[in-house]
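Okay, structure first, notes after.
The values are calculated or read from the model by the stated rules, or taken from the named source; none is laboratory data. Predicted, not measured: the structure shown is a model, and the values here were computed from it. When we count neighbours, we look across all protein chains shown, and the Cβ atoms used for this are built from the backbone with ideal geometry, even at glycine. Calculation scope for accessible area: heavy atoms of the full protein, side chains included, ligands and nucleic acids excluded. Shrake-Rupley method; radii C 1.70, N 1.55, O 1.52, S 1.80 Å.
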Amino acid sequence: FNVNEFSRNNFNGGGHIIRKVLKKRGVIAHFFFTGDFYREPENRRLIRKLKRDGHYLGAHSDKHLLYAPWDKRDSLLISKEVFVSDLDQNYAEMAKFGIKQSEAPFYMPPYEWYNTTIAKWTQEQGFILVNYTPGTRSPADYTTPDMGKRYIDSQTLYDNILRYEATSEHGLNGFILLIHLGTHADREDKLYNKLDQLIPELHDRGYTFTRMGF
């Protein structure tokens, strides 16, 4: 069971809260950050602490590009050259923190939106494309109240995670659970504030948190 934390933009409000909870609970997680997040001065202290704690620090595109249209996923909005350059820049920022490409082979695409061409290009660059496991709707923790019916409060998301665990054929075995490191200020209800409750609950249900193998 892998918990993946990453920042969609430069929202880092939950970073230090999440780190403290993970350290308290003895959990290693995966963090996927954009190049812009890595190069932002105010994030440096958090990144260094996460690395020191042994968490996986990975790439999430340098500029958080949209690879394919929302309504035509098999098409492309970027060229291979743009893809490779953007990916290289993301890893170049990671290198400044001593993160080697060989230590960070897993790549989570921006918006978690990609197609077979993007997966092929990722593999050609020597990386492994990963995505969150669907079913719990946890990625909706970025939504804000002004989004109307799209907004999902954190208690509902928390309940969805436990409901999925109880009703899915395989529970949460091998599950990649995505939670945002930070959200827009308009969302005062942060799902990451429930991590200190969620982790022991899942431990009680027999789960352990592990790094993805490589």
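Starting from residues that are of a type outside the set (Val, Ile, Thr) and open to solvent by less than 60 Å² (accessible area, probe 1.4 Å), keep the ones in region 175-185 and report whichever is farthest from the chain's Cα centre (by Cα).
Among them, the one singled out is Phe175.
Right, Tyr192: more than 24 Å from Tyr56 (Cα to Cα) and either in contact with a Gly (Cβ under 6 Å, 6 or more places away or on another chain) or assigned to a strand (DSSP E or B) (or both) or not?
No: the conditions fail for Tyr192.
Quick check, is Glu201 among the acidic types (Asp, Glu), surrounded by fewer than 14 Cβ atoms within 10 Å (Cβ to Cβ) and free of Cβ contacts under 8 Å to residues at least 40 places away in the same chain?
For Glu201, the condition - among the acidic types (Asp, Glu), surrounded by fewer than 14 Cβ atoms within 10 Å (Cβ to Cβ) and free of Cβ contacts under 8 Å to residues at least 40 places away in the same chain - is not met.
Condition check: in contact (Cβ under 8 Å) with a residue 12 or more places away in the chain, in contact with a Phe, Trp or Tyr (Cβ under 8 Å, 6 or more places away or on another chain) and open to solvent by 60 Å² or more (accessible area, probe 1.4 Å). Does Gln101 satisfy that?
The answer is yes for Gln101.
Give region 153-172 a look and list any residue that's small (Gly, Ala, Ser), surrounded by fewer than 16 Cβ atoms within 10 Å (Cβ to Cβ) and assigned to a helix (DSSP H, G or I), or say none.
Listed by number, the list holds a single entry, Ala166.
Of everything in region 186-198 that's free of Cβ contacts under 8 Å to residues at least 40 places away in the same chain and either open to solvent by 70 Å² or more (accessible area, probe 1.4 Å) or hydroxyl-bearing (Ser, Thr, Tyr) (or both), which residue is farthest from Ala166 (Cα to Cα)?
Glu188
Just to verify a result, which residue in region 115-139, among those that are in contact with a Pro (Cβ under 8 Å, 6 or more places away or on another chain) and assigned to a loop (DSSP other than H, G, I, E, B), is farthest from His64 (Cα to Cα)?
Step by step, filter region 115-139, then rank; the result is Gly126.
Residue by residue through region 104-120, note down the ones that are open to solvent by 30 Å² or more (accessible area, probe 1.4 Å) and either touching a Phe, Trp or Tyr at 6+ places or on another chain (Cβ under 6 Å) or of a type in the set (Gly, Ala, Ser) (or both).
Tyr114, Ala119
Does Ser79 fit the bill of being out of contact with any Ser or Thr (no Cβ under 9 Å at 6 or more places or on another chain), exposed (fewer than 13 other Cβ atoms within 10 Å of the Cβ) and closer than 16 Å to Gly126 by Cβ? Before the answer, list the steps.
Values: out of contact with any Ser or Thr (no Cβ under 9 Å at 6 or more places or on another chain): yes; exposed (fewer than 13 other Cβ atoms within 10 Å of the Cβ): yes; closer than 16 Å to Gly126 by Cβ: no.
Here the answer is no, as Ser79 does not meet what is asked.
Kindly indicate the residue of region 143-152 that is open to solvent by 30 Å² or more (accessible area, probe 1.4 Å) and in contact with a helix residue (DSSP H, G or I) (Cβ under 9 Å, 6 or more places away or on another chain) and also farthest from Leu198 (Cα to Cα) among those meeting that condition.
Arg150
Of all residues in region 41-74, which are open to solvent by less than 80 Å² (accessible area, probe 1.4 Å) and over 17 Å from Phe31 (Cα atoms)?
Restricting attention to region 41-74, the residues satisfying the condition of being open to solvent by less than 80 Å² (accessible area, probe 1.4 Å) are 41, 43, 46-47, 49-50, 53-62, 64-69.
Residues satisfying the conditions are Pro41, Leu65, Leu66, Tyr67, Ala68, Pro69.
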